[in-house]
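Undergrad: Would you mind keeping the following structure in view while I ask a few things?
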Amino acid sequence: MNSTSVYVGRDVAGRDQLETQTYAKVTRRLLPFLFLCYVAAYLDRVNVGFAKLQMLNDLKFSETVYGLGAGIFFIGYFFFEVPSNILMHRVGARVWISRIMITWAIVSAASLYVTTPTVFYVMRFLLGVAEAGFFPGIVLYLTYWYPAQRRSRMNALFMIGIPVAGVFGGPLSGWIMQSFNGVHGLSNWQWLFVLEAIPSAVLGVFTLFCLPNGIRAAKWLTEEAKQLLEENIAQDGTGKAHHSLSSVFANGKVWLMAAIYFCCMMGLYGVGFYLPTLIKNAGVKGALEVGLLTAIPYGCAVVAMLLIAKSSDRTGERRWHFAIASAMASLGLLLSTIYGSNVMIAMAALSLATAGLLATMPVFWTYPSAILGGSAAAAGIAMINSIGNLAGFVSPSIIGWMKDVTHSTNAGMYVVACALFLGAVLALLQPRALVNK
């Protein structure tokens, strides 16, 4: 393709205007829908944290059983994520993302049948298998549309689904837990799994109609706009390593990224699975009140994610943006543990922790796509995410076990805070020229 083909008859101002208009249109068409899908995904993944408030008492589960069950989701996620992302790269995002969302909705709703620890473990494992590939699939999908200098902001617009799921999902979960206990013979935690699976199923069906596989499949773009986008992506790929799939697993830079992400995920799921418990431990008793208060840290995280991602894209600096945010999260978690019995201080500290750890994510996900391209990017992104998300197994398992042993979440939270600080240090070991764009 002639690299100047889209510019025929256009001066510099005309080219800039076309580019601005085209990316604005792509963003309007894709990001709101992807954002909604991620809200539904994260809600189904961590609503077990609210179900815990009643489920453990109903089913006589220990904290260790809960921590293991919450975390075993990520074992299924780990084993199936790389194959899922490679398949999406080959068969297309539209059908594959739809399949993921519909199957995880079915499994999540079926969690109402949990009666024993074994059934709990099996359902959480199957939920991980069903959802495997969704998050790295969308991260990969965004690389089909946006070059590196735009990617942190686009990642942020997608990933704010996590804190928004907390802002709206917390009060929603609290309301369900308070209002549906005993309705039609089901406990409130059973209704929680059923009702919060519905959005995922509906969005999974809509994905078949709303999500083009790539630039060429977007009927709402002109040929001129398609060529501009394709040329920008082609130029962005210059210098990236198109490794074989096997060489990705032997790449030390990829393993360092996986270690950094593991530390980040220790924090995300330590907070995600235990935030309602931490707020309750601070002295807030009602389920609805707990749900409303969980919206505060996640609301702060929305602002932090957007501001830090914008600053990172504007300056082209990645390492220090990530490291400072991760260190903030570590400090916030330490303070929330030390002052856990004071509601005001604990909420301020949890807000700092949640804002910091979530602000790391859109910056981090510019790293893999800065060095990998093609099928190597699909495998590398999935590998990093799957290894990193093993922290979703380790973190709640450690916290749950330590709580049974010490009768407090404090020791587990100290471990998580240390992991976040380690992630900040490891991020600074990344070569500046490699990740800064």
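Just so it is clear, none of the values below were taken in a lab; they were calculated from the coordinates. All values reported here derive from a predicted model rather than from experimental measurement. Virtual Cβ from ideal backbone geometry, glycine too; neighbours counted across all protein chains shown.
Undergrad: How large is the convex hull of the Cα atoms of the chain per residue, expressed in Å³ as a whole number?
TA: 128 Å³
Undergrad: Using Cα-Cα distances under 8 Å and only pairs 6 or more residues apart, what relative contact order does the chain have, in percent? Walk me through the intermediate numbers first.
TA: Values: 752 pairs, mean separation 113.3, N = 437.
RCO, the chain: 26 percent.
Undergrad: Sum -39500 (n - 2.57) across every DSSP H segment of at least 4 residues in the chain, then divide by the residue count to get the 222 nm mean residue ellipticity, nearest 500. Provide the component values of the computation, followed by the final result.
TA: Numbers: 21 runs with 348 residues, N = 437.
It lands at -26500 deg cm²/dmol.
Undergrad: Computed FRET efficiency, Cβ-Cβ of SER179 and ILE345, R0 22 Å: what is it to the nearest 0.05?
TA: Efficiency for this residue pair is about 0.10.
Undergrad: Please give the length that would be gained between TRP220 and ASN281 if that part of the chain were fully extended, namely 0.36 nm times their separation in residues minus their C-alpha to C-alpha distance (nm, one decimal).
TA: 16.8 nm
Undergrad: Grab the alpha carbons of region 125-259, take their convex hull, and tell me the volume per residue in Å³.
TA: Hull volume normalised by residue count: 175 Å³.
Undergrad: Starting from the 7 Å offset along Cα-to-Cβ, what nm value, one decimal, do you get for the label separation of LEU306 and ILE106?
TA: Between LEU306 and ILE106, the simple spin-label model gives 3.8 nm.
Undergrad: Can you pull the one-decimal nm distance between simple spin-label points at ASP404 and ILE338, each 7 Å off the Cα toward Cβ?
TA: 3.1 nm
Undergrad: Only Cα pairs within less than 10 Å get springs; with that Gaussian network setup on the chain, which residue of ASP58, ASP16, ASP236 has the largest fluctuation?
TA: Evaluated over the chain, the most mobile residue of the options is ASP16.
Undergrad: Number of Lys pairs in the chain with C-alpha atoms less than 16 angstrom apart, excluding same-chain neighbours closer than eight positions?
TA: 11
Undergrad: I need the semi-axes of the equivalent ellipsoid of region 1-143: take the C-alpha gyration tensor, multiply each eigenvalue by 5, square-root it, list largest first in whole angstrom.
TA: Values for region 1-143, descending: 43, 16, 11 Å.
Undergrad: To continue, here is another question. Among GLY49, GLY267, GLY182, which one moves the most in a GNM of the chain with springs linking Cα atoms closer than 10 Å?
TA: In the Gaussian network model the winner is GLY182.
Undergrad: Now a separate question. If I model a spin label as a point 7 Å beyond the Cα along the Cα-Cβ vector, how far apart are those points for THR118 and TRP255 in nm?
TA: For THR118 paired with TRP255, the spin-label model returns 3.8 nm.
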